[in-house]
Amino acid sequence: MADPVETAAYPAYPVGLRLSGRRVVVLGGGQVAQRRLPALIAAGADVTLISPSATPSVEAMAEAGEITWVKRRYEDGDMADAWYALVATSDGVANAAASAEAERTRTWCVRSDDADAATAWTPATGRSEGVTVAVLTGHDPRRSAAVRDAIVEGLRDGSLAAPPHRSRTPFVALVGGGPGDPDLITVRGRRLLAEADVVIADRLGPRDLLDELPPHVEVIDAAKIPYGRFMAQEAINNALIEHAKAGRSVVRLKGGDPFVFGRGMEEAQALAAEGIACTVVPGISSSISVPGAAGIPVTHRGVAHEFTVVSGHVAPDDPRSLVDWASLARLTGTLVILMGVDKIGKIAEALVAHGKAPETPLALVQEGTTATQRRVDATLATVAETVKAHEVRPPAVIVIGDVVAEGPDKLVK
C-alpha cells in the first residue's frame, strides 16, 4: 500500500467514472451513504450495500430495488470484482481492513473517515443541463461546495457565459415567470431566458429580468393591459410560430404559471398544430404566492381545509360566466380571485346573495411580491366602497375567507 504521506504531496487526478452496470460496494448505511447513493444509482452503478443497519431513506432504496442490501458487517472478500468502493462505517478497524483489501484488488476507494488513507476523493458535484461540475480543493470541502455552487448557479441563471460550441437545437418554451419578483422565477426558467434568441413577454411577467438579456435578444411586448392596447392572442401565437420556424430559440415569458389563467394551452395547441414542440416550465402562481407574501395562508389548520382559485374577469351576471357562484358561496374554505378588481362589487353581491356572510373578511393584495406591494382589507359588505376609496388597481389578488385574519403581525419580505 502506498505511503499516505508520500501520496498526499501530489494533487488528485480528476476523472469521470462511467459506472453503468459495474459493481460498486458501499460499506455503511448511515448519513454518508444516504447522501452518496442517489448519484451512484443515477450513474447506473450495480450497487451492493454492506451494513447491518441503514437509515430509512437508504432502506427505501433497497426496498425499491435500486440497490442490493447485504445485512451484515464487512468481511474480507467483499471488494471482489468491485470497480469502486465507498467506505463509510463507524468502525475504524473495519474501514482500514476494507481499504487495505481495495488496495490489493486495485479498487478505487473513498474513505469518509480518513481522506489521506483513501485512493479516491469524492468531489463537490453539481449539474446543470448536461454539464457536470466537480470541484476538488484537497482538504477544504466547504470551499469545494462553495465553488461548485457558484459555478452551477452561474450556469443556471446565465450569469456565467458558457455557450455550447456544438450546434444548439432551437427550442420554444412557455415559461411561468412567477408573481412579479424576479427572484421567484424558477431556475430552469431563468436559464432558458439566458439561452433565448426571442422573448415574447407579458406585462405581468418579471420585467426586471428583461434588463439582463444580451443585446442581440429580440424582446416582443405582448402586454395585455386591461382596457388599453393589447396584442391579440392570435398575434402572439403567430409570433411564436414564425420565430420557431425561423430556427430561433423562443421563450414566451408569462406572469404566474402558464396554465393558471395564462392561456398557455392555447399557445401550446397553436404550436402543435404547426408541428412545433414546446417545453412548459411551470411558474409560481400568484394565487398562492401573493397571499403568502402579504401574510395570508390560503390554508390553515382549523380554519381552512381547501382553497379555490377563480377568474373574476367576467361578472357573475354575465352570460359568459362559467363559475358556479352559488356553490362557491357554500364552501367554508378560502376563495382566491384573480383578475377581479373591477368586478369585485358584483362578485361580493353574488356571494352574499347565495348565503355567504356579509362580514366575511377579505383582502386585496395589489402588485404582490414587488416593491410596490400593498394590502387593503375589507369585508364582502364593504369591499366595493373600499376599492374605490383606496383606488385599488390591477393587478391584485383577492382573498376571501377567515384565513385573512390569520398570520403574524410582521413578515420578512
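Extension gain, Ala273-Glu218: 0.36 nm per intervening residue step, less the Cα-Cα distance, totals 17.4 nm. Note on Ala80 and Ala64: the extension gain reaches 3.3 nm, defined as 0.36 nm multiplied by sequence separation minus the Cα-Cα distance.
Matching the structure-derived Rg and Dmax of the Cα atoms in Å against the labelled list (i) 28.3, 85; (ii) 20.2, 67; (iii) 23.5, 90 gives the label (i).
What is the Cα centroid distance between segment 266-344 and segment 371-391, reported in whole angstrom? Segment 266-344 and segment 371-391 have Cα centres spaced 19 Å from each other. Taking all protein chains together and rolling a 1.4 Å probe, Trp121 ends up with roughly 90 Å² accessible.
Inter-label distance, Val187 to His390: 3.7 nm, where each label sits 7 Å from its Cα along the C-beta direction. Only protein atoms count toward the accessible area here, which uses a 1.4 Å probe; on segment 13-83, the carbon and sulfur part of that area reaches 49 percent. Each stretch of four or more DSSP H residues adds -39500 (n - 2.57); spread over every residue of the chain, this sum gives -8000 deg cm²/dmol at 222 nm.
Taking Lys and Arg as +1 and Asp and Glu as -1, the other residues whose beta-carbon sits under 13 Å from that of His300 total -2.
Beta bridges per DSSP, both residues in the chain: antiparallel share near 40 percent.
Considering only Val376, Val15, Val403, the Gaussian network model of the chain with Cα springs below 10 Å gives its largest mean-square fluctuation to Val15. Computed from Cα positions, the angle between helix 31-42 and the longest principal axis of the chain comes to roughly 80 degrees.
Under the combined filter of DSSP loop state and at most 13 neighbouring Cβ atoms within 10 Å, segment 192-296 retains these chymotrypsin sites (Phe, Trp or Tyr not before Pro): Tyr227. Here each label is just a point 7 Å from Cα along the line to Cβ, and for Glu359 and Leu322 those points are 3.7 nm apart. Taking the chain as a Gaussian network of alpha-carbon nodes connected by springs under 10 Å, the highest mean-square fluctuation of the residues Asp342, Asp76, Asp183 belongs to Asp76. Sequence-ordered 3J(HN,Hα) estimates for segment 233-245 from the Karplus curve with 6.51, -1.76 and 1.60 and θ = phi - 60° stand at 4, 4, 5, 5, 4, 5, 5, 4, 5, 4, 6, 5, 5 Hz, glycine and proline given as x.
Largest first, the residues Thr169, Thr68 sort by 1.4 Å accessible area into Thr169, Thr68. Heavy-atom accessible surface of segment 222-315, averaged per residue, reaches 48 Å², computed with a 1.4 Å probe.
3J(HN,Hα) along segment 175-183, derived from phi through the Karplus expression 6.51 cos²θ - 1.76 cosθ + 1.60 where θ = phi - 60°, amounts to 10, x, x, x, x, x, 5, x, 6 Hz, with x in place of Gly and Pro.
The values are calculated or read from the model by the stated rules, or taken from the named source; none is laboratory data. It should be emphasised that the depicted structure is a prediction, and the values quoted were computed from it without experimental measurement. So basically every Cβ, Gly included, is an ideal-geometry build from the backbone, and we count neighbours across all protein chains shown. Surface areas here come from the heavy atoms of the whole protein model, side chains and all, with no ligands, DNA or RNA. Shrake-Rupley method; radii C 1.70, N 1.55, O 1.52, S 1.80 Å.
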